[in-house]
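Take a look at the structure below.
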Amino acid sequence: MRFIVNGQHVEAVFDLRTSLLDLLRDHLGLSGSKKGCNQGACGACTVLVDGERINACLALAVQYQDRAINTVEGLSEPGALHPLQSAFLEHDGFQCGYCTPGQLCSAIAMAAELSRGVPSAVTVDLAAETIALSHDELRERMSGNLCRCGAYNGIVEAITETFSPQKSAQEAA
Amino acid sequence: MSGQMEARQSAMLASMSDVPERWLTTSARDKHGTLGAPVTRMDGALKVGGRARFAAEVPLDGLTYAAVAFSTIAKGRIAALDTTAAESAPGVVLVMDYRNAPRLKLPPVMFSAPKAGAQSSLPVMQDEQIHWNGQPVAVVLAETQEQADHAVSLLRISYEAAPAVISFGAAQQNARTPEKILREPTSVAIGDAEAALAGAAFKIDLNYRTPRHNHNAIELHAATAVWQGDRLTLHDASQMVNMTSWTIAEMFGLKEAQVHVHSPYVGGGFGGKCLWTHQILTAAAARLAGRPVRLTLSREGVFRAVGGRTTTEQRVALGAKADGTLAALIHTGVAAMTTHNNCPEQFTFPARHLYAADTIKVTQQVADMNMIANTFMRGPGESVGTFALECALDELAEALQLDPIELRRRLEPEKDPTSGKAFSARHLVEAYQRGAARFGWEKRSAKPGARREGEWLLGMGVATATYPYYRQPGGAARIRLTADGRAFVQMASHEMGMGTATVQAQHAAARLGLPLDHVVFEYGDTDLPPGTLAGGSSQTASISVAIIAATQALTEELLRLAGNESPLAGLSADEVETSDGGLRAIAEPDRFESYASILGRAKRDDISAMAEAPPPSEVQTYSMHSYGVQFCEVKVNEVTGEVRVSRFLGSFDCGRILNAKTATSQFKGGIIMGLGLALMEDALFDERSGRIMNPSLAEYHVPVHMDVPEIEVMWTGIPDPKAPLGAHGIGEIGITGVGAAVANAVYNATGRRIRELPITLDKLL
Ligand code: FES
Ligand code: FES
């Protein structure tokens, strides 16, 4: 079966029960996407499919033929980090680093959801065209990505700085 | 304080004390280099790039995947185990159970020998006996994980159950008093505390309960094992590589050097990534199959096969005089444990060291149950012990109509209240003052239920945080210096996200007088000089002392190599200091030679020296602890009982802070796990079956983004003159005191005292 992973066409032969997460980790050697529960409860396995975030542990790989799959390895080349990755370093948005790939992919898709006006449980104006990245919107929308090290404050700062630079400048002032 | 002033002050303090002066100074000329600065993690780019390979991610040819079957009874024996269907399932390589598993010796349980690391002394898959609900009973190996997971569902296992002790209440009828609690006496009695309590003008006498917790690091426990002849390589997620190596070697009848443990990245530990059955089973299955094996526990498997924090029932009784000083301080209680481990959950430790009292009684018991061995989890003892003690102080303050901070100020002891030793450093009152000013404590209403915003009631609470200073005996560091002026500092220690590797590179750079980017700290591998376990917040001190000793040995080697042609000729190691990438005579700063020049003249590419850390004698002489104050503001919904933490501040006193950035994360991480302990975490133990009923991250709740406000942390930063670098490890203090600060804030908001964790909304309705 063919897949497009991080812009590359790849072929793989595998057991049809294989999750997208196991395809990436065990068959394609892309271990950047993490497994924290294999049950959709922790978000460590979050990857982007056509720009949308999904829990790769809950997805059967066979469903994603010919779709554009992006993982943490595809966010940047070594030595040239994505601005969000740099912001994670700057704000210490992790400790052990195990939840980090999921947090990064999730945040990137979340920013896109906000700009498309996709509402969350804390959105006040459901009809808005785009939604501002408030502290509550951010935390609500990222609550599917657990961090047991408790790097939440740093993660929030890094995401805010990257996707709402104005807001983080105001806060710093 | 400027770096220079601080350096001078430390040197002065050290010279007055009985610890080596070099503990508190680094390279004199470079002051402390980057120590204290908010240096970014050195492994950060690898981690945000998804390029750090964890234990389950090592690529290997011919790898087989394991799945584990767990017992469904708490005690008894396996009556029948039919593997036929599983064995003939597609892709299955073998099924291992007690009948065909390699014969192994009993696991040396932690504390039974210096390097013993097993968390339980029970045999591992050697017989048909069942000791807890969830014990591994079979391992299936297959070509893929999917095949192994399917085949394990085809095993047919029946049991013969025997009566089990699975009720904490019933177990308490046979509670016993252990000989020791870790290395301390089980009981301490000063005067007749019960009599003093009876006669006290003000008194409270209360019981508190705390449930079981699971560490739940996001990385699942995993091991990958490869045998080459009689040599085992184990890729593990470990906070004790040397102990794992020694213990597995003992069990398999090998020499320690034959078991190579590799653990460069650990996806969170918190006490949970020690040696459990899964690593032993991985090694055994790989031996049986003659192929490499990877075993990753499922999340449910983590609850079944890895122990967590145990449940406790505690009594705190305080008798006070009218001025608030204590006539009696009593802290007793019982924790659930097993007969096959030694982890009594030292919840009475805080009461031994925190407050002055005329009479003191502390003692604790254990109640043996048929359950997975409980173990150390972040702030073992102190996290749940401070919940009881610090809630009780809040209750006493109210009885006395005193501000809770003022009460603690009046209880401040001059020396350790139970050991009588002098404190090495203690600035708790200052931490209270600074924290209170910052948090706006004066806005708290002394009367509960007095502040509201709509249907939300607002309250503030405070509690003391405390955790001992530990330094583990043993451990050695090697420093290899290359001709181009780079240093490789090696010790088999652990980086689970604490920032250890970064901080020790900062330390070594400062000590050797080298720029930070010329220093690499190598760790997490038993081929390196032996390290000590990452536990008890002890690594910072343990590694620092070893590096100090290795620097001394390296200096001696360098002077020997420098010889007579060097400007340093004739000087001894005590007469020189490291500085600007070389050695300099202390008395004559012009006499200097760079490392590169010394190595160049001797035509050497590199030079190394290794030294062992001296034993931790400082803790014999002094009472050494970290302190802090947790300030919490909560909002409690009057209609639903929902509790939201709206503000939180931790004000700490933990000696010198070595990296402001990673330290902040350590403190906050501890506090956040403390919010989990306060409000949601509970591994529900079914007292009918002995089985944990919520073994998943969907049902065992940990704090998520939305539960966590912006947390503030601050510290006194005053160096402890008796600790290496003046610093304390800070991995655990952050969780202590949090449960009480939240409970006290909930009381202040609602007037409801919740004495049983977690404070869920049903308890507030
Ligand atoms: S591994 Fe997919 S959500 Fe946890
Ligand atoms: S950084 Fe360790 S789980 Fe998030």
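Looking at (1) more than 13 Å from the chain's Cα centre (by Cα); (2) crowded, with 18+ Cβ neighbours inside 10 Å; (3) facing chain B (nearest Cβ under 10 Å), find the lone condition where A:L16 falls short.
(2)
Give the stretch B:481-498 a look and list any residue that's assigned to a loop (DSSP other than H, G, I, E, B), more than 14 Å from chain A (Cβ to nearest Cβ) and touching a Ser or Thr at 6+ places or on another chain (Cβ under 8 Å), or say none.
The answer is B:G485, B:S493.
Checking A:M110 against (1) outside any helix (DSSP H, G or I); (2) within 16 Å of ligand 1 (Cβ to nearest atom); (3) in contact with a helix residue (DSSP H, G or I) (Cβ under 6 Å, 6 or more places away or on another chain), only one condition comes out false. Which one?
Condition not satisfied by A:M110: (1).
Could we say that A:P78 is in contact with a Gly (Cβ under 8 Å, 6 or more places away or on another chain), closer than 11 Å to B:V48 by Cα and surrounded by fewer than 18 Cβ atoms within 10 Å (Cβ to Cβ) here?
When the stated conditions are applied, A:P78 passes them.
Of the residues B:E250, B:E300, which single one is of a type outside the set (A, V, I, L, M, F, W, C) and farther than 21 Å from B:G134 by Cβ?
It is B:E250.
Going residue by residue through the stretch B:239-255, is there one that turns out to be under 30 Å from B:Q364 (Cα atoms), within 13 Å of another protein chain (Cβ to nearest Cβ) and in contact (Cβ under 8 Å) with a residue 60 or more places away in the chain?
Among the residues of the stretch B:239-255, at least one is under 30 Å from B:Q364 (Cα atoms), within 13 Å of another protein chain (Cβ to nearest Cβ) and in contact (Cβ under 8 Å) with a residue 60 or more places away in the chain, which makes the answer yes.
How about the stretch A:138-152: which of its residues are part of a helix (DSSP H, G or I) and either touching a residue at least 40 places away in the same chain (Cβ under 8 Å) or more than 7 Å from chain B (Cβ to nearest Cβ) (or both)?
Matches in the stretch A:138-152: A:L138, A:R141.
Quick check on B:S121: is it in contact with a Pro (Cβ under 7 Å, 6 or more places away or on another chain), surrounded by fewer than 22 Cβ atoms within 10 Å (Cβ to Cβ) and at pLDDT 95 or above?
So B:S121 passes the test.
Being among the polar types (S, T, N, Q) and within 16 Å of ligand 1 (Cβ to nearest atom) is the requirement here; does B:S263 meet it?
no
Restricting attention to the stretch B:133-163, report how many residues are of a type outside the set (S, T, N, Q) and in contact with a Gly (Cβ under 6 Å, 6 or more places away or on another chain).
Of the residues in that region, 6 qualify.
B:D653: touching a residue at least 24 places away in the same chain (Cβ under 8 Å) and in contact with a helix residue (DSSP H, G or I) (Cβ under 9 Å, 6 or more places away or on another chain), yes or no?
The answer is yes for B:D653.
At least 1 residues that are assigned by TED's automatic domain parsing to the domain that holds B:A663 and either in contact with a Leu (Cβ under 7 Å, 6 or more places away or on another chain) or among the β-branched types (V, I, T) (or both) in each: list the strands (runs of 3 or more DSSP E) lying fully within the stretch B:559-651 that qualify.
Qualifying strands (runs of 3 or more DSSP E): B:625-637.
Within 16 Å of ligand 1 (Cβ to nearest atom) and either surrounded by 18 or more Cβ atoms within 10 Å (Cβ to Cβ) or more than 8 Å from chain B (Cβ to nearest Cβ) (or both): which single residue out of A:R67, A:R25 fits that description?
Within the list A:R67, A:R25, the selection yields A:R25.
For the stretch A:79-100, enumerate the residues that are more than 10 Å from ligand 2 (Cβ to nearest atom) and among the charged types (D, E, K, R).
A:E90
Got a sec? Which of A:G51, A:G32, A:G117, A:G102 is buried (at least 20 other Cβ atoms within 10 Å of the Cβ) and out of contact with any strand residue (DSSP E or B) (no Cβ under 7 Å at 6 or more places or on another chain)?
Answer to the check: A:G32.
With the requirement that a residue be on the phi < 0 side of the Ramachandran plot, surrounded by fewer than 24 Cβ atoms within 10 Å (Cβ to Cβ) and in a loop (DSSP other than H, G, I, E, B), what does the stretch B:376-423 give you?
Correct list: B:L402, B:D403, B:L411, B:E412, B:P413, B:E414, B:K415, B:D416, B:P417, B:T418, B:S419, B:K421.
Please tell me if B:L220 is buried (at least 22 other Cβ atoms within 10 Å of the Cβ) and over 30 Å from A:A41 (Cα atoms).
no
Residues in the stretch B:140-161 that are surrounded by 20 or more Cβ atoms within 10 Å (Cβ to Cβ) and at the interface with chain A (Cβ under 9 Å from one of its Cβ atoms): how many?
So the answer is 5.
Can you list residue pairs whose Cβ atoms sit under 7 Å apart, with the first residue in the stretch B:615-632 being hydroxyl-bearing (S, T, Y) and the second being modelled with pLDDT under 95? Count only pairs 6 or more apart in sequence or on different chains.
Sorted first by the residue in the stretch B:615-632, then by its partner, the pairs are B:T621/B:D18.
Here's a check for you: in the stretch A:81-99, which residue that is more than 7 Å from every other protein chain (Cβ to nearest Cβ) and of a type in the set (G, A, S) is surrounded by the most Cβ atoms within 10 Å (Cβ to Cβ)?
Taking the candidates together, the pick is A:G93.
Run B:Y265 past the list (1) touching a residue at least 60 places away in the same chain (Cβ under 8 Å); (2) more than 14 Å from chain A (Cβ to nearest Cβ); (3) surrounded by fewer than 24 Cβ atoms within 10 Å (Cβ to Cβ); (4) not small (G, A, S) and report the number of the one that doesn't hold.
It is condition (2) that B:Y265 fails.
Of B:L725, B:L677, which residue is on the phi > 0 side of the Ramachandran plot and either within 16 Å of ligand 2 (Cβ to nearest atom) or not in a loop (DSSP other than H, G, I, E, B) (or both)?
Residue meeting the stated conditions: B:L725.
The values are calculated or read from the model by the stated rules, or taken from the named source; none is laboratory data. All of these numbers come straight from a predicted model, not from anything done at the bench. When we count neighbours, we look across all protein chains shown, and the Cβ atoms used for this are built from the backbone with ideal geometry, even at glycine.
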